[in-house]
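Heads up, the thing below is written out as structure tokens.
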Amino acid sequence: MMQIYKIDGSDVEIISCPPEDVRKGDYLIIEDVSTDKGLIIQVVNTGYANVPGILEDILRESSASGIEGKDFDVLNMRPFVDMIKDAKVFSCKIRRALVKGELSYDISWTPFRSSSRVGRLADEELLKIAAIDQTPSIHIGTSKGGAATAINLSSIDGKLNIITGKKGSGKSHLSKLLVLNLVAHGGPCVVFDINGEYTSLGYTEDDVKTSINDAIINIYPGVNFKITLQYAGLGVLLNIASSVLDLPATSAWEVRRIWNTLQENKNLSLKSFGEAVDRISNNYVRDAVLRRFESLVSTGLFTDNNSEAVTLEDYLTKVKNGGALIINLKGLPSSFRQVIVEFMLSKLCSMLDQWFMRAVFLFAEEAHLYLKETYWEDIVTRMRHLGIFTTFITNQPDSINESIYRQADNIFLFNFTNENDLATVSKATMVDVETINTIAKELPPQYCLALGRAVNDFPLIIKVRSLQIKTLGQTRLFFSNLSIQDKNERSQSRRESHSPDSLVPSKNLPSIQDGNRNKIKDRQLRI
Amino acid sequence: MEVTTLSQQTPRDFARLGRGSLEGIIASSFKPKTSDLFDQDFRSLNDKLILNTNNEDGVIDPITLHSLNDETPVFGVDTSNIELGETKDGTLCAVRGTIVWRENGSYQYVRHGPFIFHISEANKQALYNTLRQIHFNEDEAVGAPIVEKMSDRIRGILERWLQRQICESCEDSLLLFDGSLTTRTVNGPISVLGELLSAARSRNNAVLAISKETSLSVAGHRMADLIDNKYAPCLLDIDRIALSQYGSHLHFFGRIYAAKLISSCFTFRLDVDRKIPKEEGIRAVERLLGNDLIAENYPETLRLAHVLSRFSASEVLAMQRFVAENYNLKVICRPNIRQVLFGPYGGFSAMRQEGADGYDADLQD
């Protein structure tokens, strides 16, 4: 039996005696029969009720411990005493009111203790009341109670999402699940893959191609993705040169002059650009521009060879109606990563501005490793309006600016044990600190606390469902089991029959030449 | 003594009479009492003994004790009672009692209860006399005390029953009673305690009674101040002074000592069965020193008996729930008139003073 003990603002304490098996994250409903209203409350903490005399009981038991004896408990009182001792108190937060079956944000009223009943709200019932899973939706797992849980596509369409949690808690897994489901629903996705763990999204655990294999396109910048200067454009080049390579303004002016001259002469190429840089009369400016130019050339991203040059449009056309471009940044030097990302974002903005496509879902893993701070605001404001809907995935919550958290529409919070990490998330999210601190701390792996529009502002613990795809994001171990090692070796040999050629989906796009394949392997070896 | 020996006996009719008394309250209203756990210890005030002596120069020499470890079993008995709440007709109370014994260095116990009684003006007479008849073999009906005192009387009967158990079952043992070996000389079954002591003696047991609450004073001085720690362990024979002042209206079955068994700030009143020779009585105390643990001047056997008998607040809540559920009682919360009228000035301490009566009024047998 559960009864209201206290209500203080949005905090409610419920006494349960005999104690019910209610856990953190579970939902309860207080139904006030006299007013036909209800309050939906969520348990954020559980503990023993402060029953008077418990300390004395414990001390007495310890005092008499080890004494053999017999109790003539003729009234069989022991179960009653145990029940009192085990009485629990559930600290809850009011999430919403229910007035005549309709959800209401008005929680300013207080139910009557005398006429209120407290009961459990089954997960299925909550999902129904909250209308979380209205179609079209993405089935992301099950609630703690085992109810199938899906989130509405509209709740992540046009929204800013954050997936955060400590290492190994299941962030990337959820991110992959979202990518695959968006692809399946016809959504175009771009993934900045810092660890190269999304590259096998098109394969099952047994290395068999999935039905959407062709829609998963892996881009290896500098290998199967090279562009001409002409395609990059002056604006993008100057952006990269100034923001990534710190080119001074005066030198940037010289770059602009060279670019315009070469453009007018219809002679814009890496070669002619390099020669023009050599002819700059001012030694300081020449050296400054030359160093940046050489840096850009060394990335291998740019080419004068039109046969190996591609455009982002070529790839995006393939994923426009459902697909994912996996930009593999694994093993790339930091500055190269930044060049790639700068280029991609600039181009994406330009393309979206010209309505090349309606929108794109951008997944950025550990974005602080390749995104300059100045870009964060830009992504969540300007780019969002252009149609870049970003999902940040990070295990360092403090790497994301507080203002980003405040603008996030959805947060999928996995386990954190570090107090500072929790504090970072809690001070800027849409729910109270206590919910974050008590629930997130005890989430098992693969469980997340979903906050925001995806769950209609009902914080919900979700067990993320497993994916039948090949996972590459696992931590490499030294003392791995031999049988697992054998299995991986066998798997690798099968994999080579697909990769990397089979990952290049279109005959219109350049295939990876032998030399380039070696570059990929070299790069992987460097890691 | 094995636990099975003592555990074969149960206090006859306590459960039956308790249940019977509760049958009369089915579906009535019940106001649970906010548990005041100190209530359980008031009865110790019964053993308060204020001795006055004009013997200004009469120095009482302490009797020095020597610990004697001879593997004598030590048995202790203690009981508790507590009020659970009010019904429209009376009160609900619970009693419980425990025997603890130490033998071969280890402690064992047998605990009886709780037994819950509903006591009203209508049933108190029958209840009291039935219990007396069964347990004291007293066929003559006597007037029952007021309802508020009944739970204490029932506890007293349970305690005597437990004491009888050990007196009639044990041999060559030390039997520790909580309180004193004193009864009123009027309106009480003096014979009960006498019979218990006689039964104990016949089996070569020595009965010692220790009063937890020490309000023992001689000539205005607290006894604790009269015995210096340097004499511990020792006894102070104050029997003659007690007899001279209270002998006319109290019956002292025990020889009265002030006992300081170890160096501590406490001195307790210790009664030793008067009918065993004085030297043998002192020797019994020495055997107590050698065969039981003594902490804060109090034997561990009795301490455990007290600990196991005493009701905790959670047990009180559990019993209140038990009666409410099993007898379909409607729990009500009546305002506390005293608090309403007097606020903080009519609080608990004033009520407690009312409940704590003097020595004469509280003696039960």
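General remarks:
- Check on residue B:142, in contact with an Asp or Glu (Cβ under 7 Å, 6 or more places away or on another chain) and either in contact (Cβ under 8 Å) with a residue 12 or more places away in the chain or within 28 Å of residue B:258 (Cβ to Cβ) (or both): no
- Checking each residue in the stretch A:77-92 for being open to solvent by 20 Å² or more (accessible area, probe 1.4 Å) and more than 9 Å from chain B (Cβ to nearest Cβ) picks out A:86, A:88, A:89, A:91.
- Residue check, residue A:22 closer than 16 Å to residue A:120 by Cα, away from every other protein chain (no Cβ under 14 Å), in a loop (DSSP other than H, G, I, E, B) and open to solvent by less than 70 Å² (accessible area, probe 1.4 Å): yes
- Extreme residue, nearest to the other protein chains (Cβ to nearest Cβ), among residues of the stretch B:88-119 that are open to solvent by 10 Å² or more (accessible area, probe 1.4 Å) and polar (S, T, N, Q): B:108
- Test for residue A:179: is it within 30 Å of residue A:308 (Cα to Cα) and outside any strand (DSSP E or B): yes
- Exactly one residue among A:227, A:140 is open to solvent by less than 10 Å² (accessible area, probe 1.4 Å), closer than 19 Å to residue A:410 by Cβ and touching a helix residue (DSSP H, G or I) at 6+ places or on another chain (Cβ under 9 Å), and that residue is A:140.
- Scanning the stretch B:241-286 for residues that are among the charged types (D, E, K, R) and buried (at least 23 other Cβ atoms within 10 Å of the Cβ) turns up B:255, B:260, B:269, B:271, B:273.
- Candidate set: the stretch A:365-405, residues that are under 18 Å from residue A:418 (Cβ atoms) and among the hydrophobic types (A, V, I, L, M, F, W, C); chosen: the one surrounded by the most Cβ atoms within 10 Å (Cβ to Cβ): A:393
- Strands (runs of 3 or more DSSP E) fully within the stretch A:327-426 counting 3 or more residues that are of a type in the set (A, V, I, L, M) and in contact (Cβ under 8 Å) with a residue 60 or more places away in the chain: A:360-365
- Residue A:72 within 11 Å of another protein chain (Cβ to nearest Cβ) and either of a type in the set (Phe, Trp, Tyr) or within 20 Å of residue A:459 (Cβ to Cβ) (or both): yes
- Residue in the stretch B:68-76 that is open to solvent by less than 30 Å² (accessible area, probe 1.4 Å), closer than 17 Å to residue B:11 by Cβ, at pLDDT 90 or above and part of a strand (DSSP E or B) present: yes
- Selection from the stretch A:52-67 of residues that are within 7 Å of chain B (Cβ to nearest Cβ) and out of contact with any Lys or Arg (no Cβ under 7 Å at 6 or more places or on another chain): A:52, A:53, A:56, A:60, A:63, A:64, A:67
- Residue among A:216, A:240 that alone is open to solvent by less than 20 Å² (accessible area, probe 1.4 Å) and farther than 25 Å from residue A:274 by Cα: A:216
- Here the condition is being modelled with pLDDT under 85, in contact with a His (Cβ under 6 Å, 6 or more places away or on another chain) and hydroxyl-bearing (Ser, Thr, Tyr); of A:399, A:335, it holds for A:399 alone.
The values are calculated or read from the model by the stated rules, or taken from the named source; none is laboratory data. Given the structure is predicted, the values throughout are model-derived calculations rather than measurements. As a convention, Cβ positions derive from the backbone with ideal geometry for all residues, glycine included, and neighbour counts pool all protein chains shown. Side chains included, ligands, DNA and RNA excluded: accessible areas come from the protein's heavy atoms. Shrake-Rupley method; radii C 1.70, N 1.55, O 1.52, S 1.80 Å.
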